[in-house]
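The values are calculated or read from the model by the stated rules, or taken from the named source; none is laboratory data. Just so we're clear, the structure is a prediction, and the values are computed from it rather than from any experiment. Reconstructed Cβ throughout: ideal geometry from the backbone, glycine too, with neighbour counts over all protein chains shown.
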Amino acid sequence: MKIAIVGAGLVGRVVALNLLRDGDHTITIFDKDSKEGIKSAGFTAAGMLAPFAELETAESVIFDLGKRSMELWKPLLKEAGVYDGLQIKGTIITAHPQDMPELEHFITSLKNKVDEADEIKLLNAKELSTLEPELGHHTQSFYLKDEGQVDSQRFIAFSTNYLDSMPNVIWREHTSVNKLEAHKVYLDEVNDEIFDWVFDTRGLGAKEHFSDLRGVRGEVIWVESKEIDITRPTRLLHPRYKIYIVPRGNGCEGIDLDYCKDCKIAQTPNSKRYIIGASEIESEDMSPISVRSTLELMSALFTVHPNFGEARIVNSETNCRPAFSDNLPRIENEKGLTRINGLYRHGYLLAPAIVEKALNEGIRR
Amino acid sequence: MTNSNKKWKIEGKEFDSRLMIGSALYPSPEIMKNSINASGSQIVTVALRRQSAGEQGGNPFWEIIKELGVTVLPNTAGCHTSKEAITTAMMAREVFQTDWIKLEVIGNQYNLQPDPFALVEATKVLIGEGFRVLPYMTDDLVLAQRLADIGCTTLMPWGSPIGSGRGLMNPYNLKVIRKQFPNLNLIVDAGIGKPSDAIEAMELGFDGVLLNSAVALAQEPVMMGEAFKYAVYAGRLSYEAGAMQKRDMASPSTPTVGTPFWHQFA
């Protein structure tokens, strides 16, 4: 079939990878930005796969889709040639001793939503030390053993490389789409192009269709340090300054891809990279990170381990998560058109499962 | 005798519900909407500071609030100086087309305790600019006096620090303020954790309560919203009905009928 994918963010890429596996399609990708994809929310995201931890505020459907995604990521990454892109060896949830009610609130929320949460164990300092020696001074924590992360920047770089190398993929970068409907993509008011099936994966760009779609601003900071080695995604619970620390090991060191160079964040030799995030502000402001958010993220980071004091801030990113008013993802299918949107803060956790569902209910029928 | 079915008047407007509720921290805007509806609240606070319109103008979250059809009470949450709070209040007036402002000037970054000095300063300026200022304050009698002196007709002392859910930490102070200002609207703002805290505040004779985390962070926010609706109502009824006095039954004052005197006062 002749396919159009409008929007080359995380969801658009996952759709493309799935369709290439399905068979003999010719795929045209439209995207308003460059192929590097560094303006998409999928690049800004830290890529956590945390179906349990997200339940603190999310509904159980996010858990179910998340579990399914975690099965789908491995083959998907393999197909796109992404190596070292997936880590599933658990995440740590911790809090300062005076913030123990936060841990209590966290676990109660999880247990109220899914039975599987009953198995989650509280770790004492000694048990935590065996998993993460650098965090051993935290007296109480939870270990969510089935969680992990996708290296999101790596996924974006490698999927660009892979999709761009496929002969049956035409990638029209810097191409804005004015409007789309079943079988049709409009590049301006009047001129359309005809396809057998159109995918609308524009995220916030799809506001012309989804009137209740909104952006939720998020800011992250990348730091690099030679003095601290945390290996698992770690969340610090706090009444106000919640953060996550997502370790990226050697970051992009050693990756030789044209599409990776564009992010221009060269790794400090022998250091470990961490992504610290994320603010969550009801605003569609895409401007750079604020001083306040920087202070909040960095002071919370410093309290996790004082060695972060000598880490280097190498980058910050701001983006807006596309979300509906119930903060749940949405699929719309009709013959010749599939729209997928509203993955909110759960992009990497949901994308493979929600795309699978959308394809099964749409083009694959 | 008052009557709880009577409308409640605050800052020139009439309401049925004496519960004021915040719009932050809910799992989703949808749950926020349903919780507010369930709470019966007709006055909703919105923070402007962290939800700046940005360069595109407009803010979808604000649109959701406007669609609730309630009276919006913008607040200056997160402001640390009177100047900052004044600027935010001006912006709020434009965005929400209202002269109401919940004035919040934070003095301590950690527990978000209001700065009484900056609060009085900003209140003076804003009243001069034609605002109706509802100041979020500590439960200090002299501060209450100063704010009343410069023209506030509503005062909003805390029960305990914002988001702490510790209830009324110093009911005595609140009682003193109530006695001293019988004609002002008094709202307990911040610190309410459970519906029983709201009842306690209402039974002290406070005119209303303002809360956010207690509903937003409950396991079932919508259900908790409804619980607070009844709590505030029950508390008001209780205050108006006039509770009986507690009795001390520990040491009997009279012999118990039917018990021989040599078995009594053992």
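Would you please list the contacts, defined by Cβ atoms under 9 Å and residues six or more apart or on different chains, that run from a residue in the stretch B:18-37 that is facing chain A (nearest Cβ under 9 Å) and free of Cβ contacts under 8 Å to residues at least 24 places away in the same chain to a residue that is among the aliphatic types (A, V, I, L, M) and assigned to a loop (DSSP other than H, G, I, E, B)?
Taking only residues 6 or more apart or on different chains, the pairs are B:SER28/A:ALA58; B:SER28/A:LEU328; B:GLU30/A:LEU328.
Please determine, by comparing only the residues of the stretch A:333-356 that are in a loop (DSSP other than H, G, I, E, B) and under 14 Å from the mean Cα position of the chain (by Cα), which one is farthest from A:LEU237 (Cα to Cα). First the steps, then the outcome.
Residues of the stretch A:333-356 in a loop (DSSP other than H, G, I, E, B): A:335-336, A:342-343.
Right, trim to under 14 Å from the mean Cα position of the chain (by Cα) and you get A:342-343.
Values: A:GLY342: 25, A:LEU343: 23 Å.
The residue in question is A:GLY342.
Determine whether B:ALA47 is within 14 Å of chain A (Cβ to nearest Cβ), within 23 Å of B:ALA218 (Cα to Cα), surrounded by fewer than 23 Cβ atoms within 10 Å (Cβ to Cβ) and modelled with pLDDT of 85 or more. Before you say what the answer is, go through the steps one by one.
Details: within 14 Å of chain A (Cβ to nearest Cβ): yes; within 23 Å of B:ALA218 (Cα to Cα): yes; surrounded by fewer than 23 Cβ atoms within 10 Å (Cβ to Cβ): yes; modelled with pLDDT of 85 or more: yes.
Here the answer is yes, as B:ALA47 does meet what is asked.
Would you point out which residue out of A:LYS78, A:LYS32 is over 24 Å from A:GLY277 (Cα atoms) and out of contact with any helix residue (DSSP H, G or I) (no Cβ under 8 Å at 6 or more places or on another chain)? Outline the logic, then answer.
Working: A:LYS32 fails: out of contact with any helix residue (DSSP H, G or I) (no Cβ under 8 Å at 6 or more places or on another chain).
Unique residue meeting the criteria: A:LYS78.
Just the residues that are under 19 Å from B:TYR26 (Cβ atoms) and hydroxyl-bearing (Ser, Thr, Tyr), please, taken from the stretch B:224-248.
If the condition is that a residue be under 19 Å from B:TYR26 (Cβ atoms) and hydroxyl-bearing (Ser, Thr, Tyr), then no residue fits.
Taking the stretch A:141-156 on its own, how many of its residues are surrounded by fewer than 24 Cβ atoms within 10 Å (Cβ to Cβ) and within 12 Å of A:THR44 (Cα to Cα)?
The total comes to 1.
Only one residue in A:ALA311, A:ALA323 is touching a residue at least 40 places away in the same chain (Cβ under 8 Å) and in contact with a Lys or Arg (Cβ under 7 Å, 6 or more places away or on another chain), so which one is that? Break it down stepwise before answering.
On the way: A:ALA311 fails: in contact with a Lys or Arg (Cβ under 7 Å, 6 or more places away or on another chain).
None of the other options fit; the residue is A:ALA323.
Which residue is farthest from the other protein chains (Cβ to nearest Cβ), if the candidates are limited to the stretch A:299-314 and must be out of contact with any His (no Cβ under 7 Å at 6 or more places or on another chain) and surrounded by 18 or more Cβ atoms within 10 Å (Cβ to Cβ)?
Checking each candidate, the answer is A:ALA311.
I'd like to check which strands (runs of 3 or more DSSP E) are fully inside the stretch A:151-207 and have at least 1 residues that are hydroxyl-bearing (Ser, Thr, Tyr) and closer than 21 Å to A:ASN341 by Cα.
In the stretch A:151-207, the matching strands (runs of 3 or more DSSP E) lie at A:184-186.
Scan the stretch B:100-111 and report the pairs whose first residue is surrounded by fewer than 24 Cβ atoms within 10 Å (Cβ to Cβ) and whose second residue is part of a strand (DSSP E or B), with Cβ atoms within less than 9 Å and a gap of 6+ or a chain change.
Pairs found: B:ILE106/B:PRO114; B:GLY107/B:PRO114; B:ASN108/B:PRO114.
Within the stretch A:21-40, restricting attention to residues that are at pLDDT 95 or above and among the aliphatic types (A, V, I, L, M), which residue is surrounded by the most Cβ atoms within 10 Å (Cβ to Cβ)?
Here the residue is A:ILE29.
How many of the residues making up the stretch B:80-111 are hydrophobic (A, V, I, L, M, F, W, C) and farther than 18 Å from B:ARG132 by Cβ?
As a first pass, look at the stretch B:80-111 and keep what is hydrophobic (A, V, I, L, M, F, W, C): B:85-86, B:89-92, B:95-96, B:100-101, B:103, B:105-106.
Applying the additional criterion that residues be farther than 18 Å from B:ARG132 by Cβ yields B:106.
Result for the stretch B:80-111: 1.
Which members of the stretch A:283-332 meet the condition of being small (Gly, Ala, Ser) and under 20 Å from the mean Cα position of the chain (by Cα)? Even if it seems obvious, please write down each step before you answer.
Our first condition is that a residue be small (Gly, Ala, Ser); within the stretch A:283-332, this holds for A:283, A:287, A:290, A:293, A:299-300, A:309, A:311, A:316, A:323, A:325.
Selection gives A:SER283, A:SER287, A:SER293, A:SER316, A:ALA323, A:SER325.
Which is within 14 Å of another protein chain (Cβ to nearest Cβ) and in contact with a Phe, Trp or Tyr (Cβ under 9 Å, 6 or more places away or on another chain), of A:LEU122, A:LEU110, A:LEU128, A:LEU77?
Checking each option against the conditions leaves just A:LEU110.
Just wondering, is there one or more residues in the stretch A:177-192 that are within 30 Å of A:LEU86 (Cα to Cα), more than 14 Å from chain B (Cβ to nearest Cβ), touching a residue at least 12 places away in the same chain (Cβ under 8 Å) and not small (Gly, Ala, Ser)?
Checked the stretch A:177-192: no residue is within 30 Å of A:LEU86 (Cα to Cα), more than 14 Å from chain B (Cβ to nearest Cβ), touching a residue at least 12 places away in the same chain (Cβ under 8 Å) and not small (Gly, Ala, Ser).
Looking for something at pLDDT below 95 and at positive phi - is there at least one such residue anywhere in the stretch B:107-115?
Within the stretch B:107-115, one or more residues are at pLDDT below 95 and at positive phi.
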